[in-house]
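Notes to accompany the following structure.
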Amino acid sequence: MNKKLRAKLEKYDKIHKIAVLTSGGDAPGMNAAIRAVVRSAIFYGKEAYGVYHGYKGLIEGDIKKMESSDVSNIINRGGTILKTSRCPMFKEYEGREKAYKNLKEKGIDALVVIGGDGSFKGAREFSDEFDIPVVGIPGTIDNDLYGTDYTIGYDTALNVVVDAVDKIRDTAESHDRLFFVEVMGRDAGFIALRSGIASGAEAILIPEVPTNLKKFKKYLAEEYQVKKTSSIVLVAEGDDSGGAVAVANYVKKQFPDFNVRISILGHLQRGGSPSVYDRVTASQMGIAAVEGLLAGKSGVMVGIKNRKMVYVPFEKTVKHHKTVKRELLRIVEILNI
Ligand code: ADP
Ligand code: F6P
């Protein structure tokens, strides 16, 4: 441990009490991040507080002091022990003002928000309006946050999808069926693209690449009808085709003799014990969030860029849209014959 860094950060006397909350869609690995925030705050001689139910709990004052033992045996658990919420009231100034008052009443002088882009829109407004430093940790299975290569939960969700598609492929092959499997990602195709490559999906439909139904119909006629006795088409829920049900209905109309089925994976992708990558990355991000606060940072999200920890201003991460990697699109082009 760098004794000088520890001494420097312990000496930072503007922050004594750090609160942490989880907000928006939960993601496997959030508990590892909570654990790291609590334990690194205590390591640097500060007090740690947990806010329950995200911004809703912040507005209602559902805030409790946390000891190191409160985060024992949670690194392996999916979900979030602090619960989460989607809270329209935090979009109102009055809600944010109530939240600020609750933090001040407890003498809390810094906040860590673990969530996705919506949570950071709220965190940005909150840190602009009130005198309290806020640092974000990217926690969403969508991996759609600009400024970071990775968001907590993505790797675990990918493995859930690949495991599910492998199982679907067994029955698709047994019945010579064409399966449309829909995955999450809100309005991004990161989950569909990477898990589609990993599961060998014959076609992958994502919002970033406009779905050309004519080309898709030609592919099905030439490939599925002729060469493949079974196929898996992975469809991102935000795809411009309207999702798996819409695409499957289109195909059934065009090819009445096709043996078509649909599987919507839904919230399966949000559960499960976090992968090693998610546990370690969440731990690194939790520590970086606390060290960032103690180094005087605010209004930033912790991120990973080319394997290095970075701090990205909220206004950048909420304003820009992250695009899918061209390299992955090239792989699909070459391997999806
Ligand atoms: P995620 O953080 O996973 O994207 P949401 O989009 O639901 O999830 O955002 C989580 C919460 O963040 C919302 O329920 C709301 O409380 C808050 N939030 C979202 N957008 C804003 C905004 N523009 N201003 C203030 N708060 C917001
Ligand atoms: O943002 C994470 C996410 O899982 C999206 O991929 C999905 O569209 C959304 O949350 C589902 O929201 P809810 O959990 O409120 O149904």
Proxy reagent accessibility, fewest Cβ within 10 Å first, across E182, E327, E94: E327, E94, E182
Other-chain or far-sequence residues with amide H under 5 Å of T84's (modelled H): H53
HN-Hα J in Hz across segment 143-155 - Karplus 6.51, -1.76, 1.60, θ = phi - 60°, x for Gly and Pro: 6, 9, 8, 5, x, 9, 6, 8, 10, 4, x, 5, 5
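Based on the inverse mean of 1/r over its pairs of different Cα atoms, what is the Kirkwood hydrodynamic radius of segment 281-326, in Å?
Numbers: mean 1/r = 0.0866 Å⁻¹.
About 11.5 Å for segment 281-326.
With a 10 Å radius around each residue's Cβ, average the other Cβ atoms per peptide and rank 62-68, 156-162, highest first.
Working: 62-68: 16.0, 156-162: 23.9.
Order by mean packing, descending: 156-162, 62-68.
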Reduced Cα scattering model of the chain, Debye log10 I(q)/I(0), q = 0.11 Å⁻¹: -0.71
In degrees, nearest ten, helix 244-254 long axis to first principal axis of the chain (Cα): 10 degrees
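Let me make sure I get this right: for segment 1-130, a, b and c are the square roots of the gyration tensor eigenvalues over alpha carbons, sorted descending. Under 1.5 in a/c it's rounded, otherwise prolate if a/b > b/c, else oblate. Which is it? Don't skip to the answer; put the middle values down first.
Working: a/c = 1.89, a/b = 1.26, b/c = 1.49.
Here segment 1-130 falls in the oblate category.
Could you list L103, L234, L178 so that the one with the fewest beta carbons within 10 Å of its beta carbon is first and the one with the most is last? Intermediate results must be reported in sequence, preceding the final value.
Values: L103 22, L234 29, L178 26.
With the sparsest Cβ surroundings first, the list reads L103, L178, L234.
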Whole-Hz couplings from phi, Karplus 6.51/-1.76/1.60, listed for segment 312-317; x for Gly and Pro: 10, x, 3, 4, 6, 6
Angle in degrees between helix 276-294 and the longest Cα principal axis of the chain, rounded to the nearest 10: 30 degrees
Amide proton proximity set for S241, modelled H, under 5 Å, gap of 5+: T211
Long-range amide H partners of V235 with built H, under 5 Å: V181, E182, V183, L205
The chain: angle of helix 93-105 to the longest principal axis, Cα-based, in degrees nearest 10: 50 degrees
Under the Karplus curve 6.51 cos²θ - 1.76 cosθ + 1.60, θ = phi - 60°, whole-Hz ³J(HN,Hα) for segment 184-196, x wherever Gly or Pro sits: 6, x, 6, 10, 10, x, 4, 5, 4, 5, 6, 6, x
Highest-fluctuation residue, A188, A172, A110 considered, GNM on the chain with Cα pairs under 10 Å: A172
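For segment 154-271, what class follows from the C-alpha gyration tensor (a ≥ b ≥ c being the square roots of its eigenvalues): rounded when a/c is under 1.5, otherwise prolate if a/b is larger than b/c, else oblate?
oblate
Values quoted throughout were computed directly from the atomic coordinates according to the rules given, and no laboratory measurement underlies them. Please read all numbers here as calculations on a predicted model, not as lab measurements. All Cβ positions, glycine included, derive from the backbone under ideal geometry; neighbour counts span all protein chains shown.
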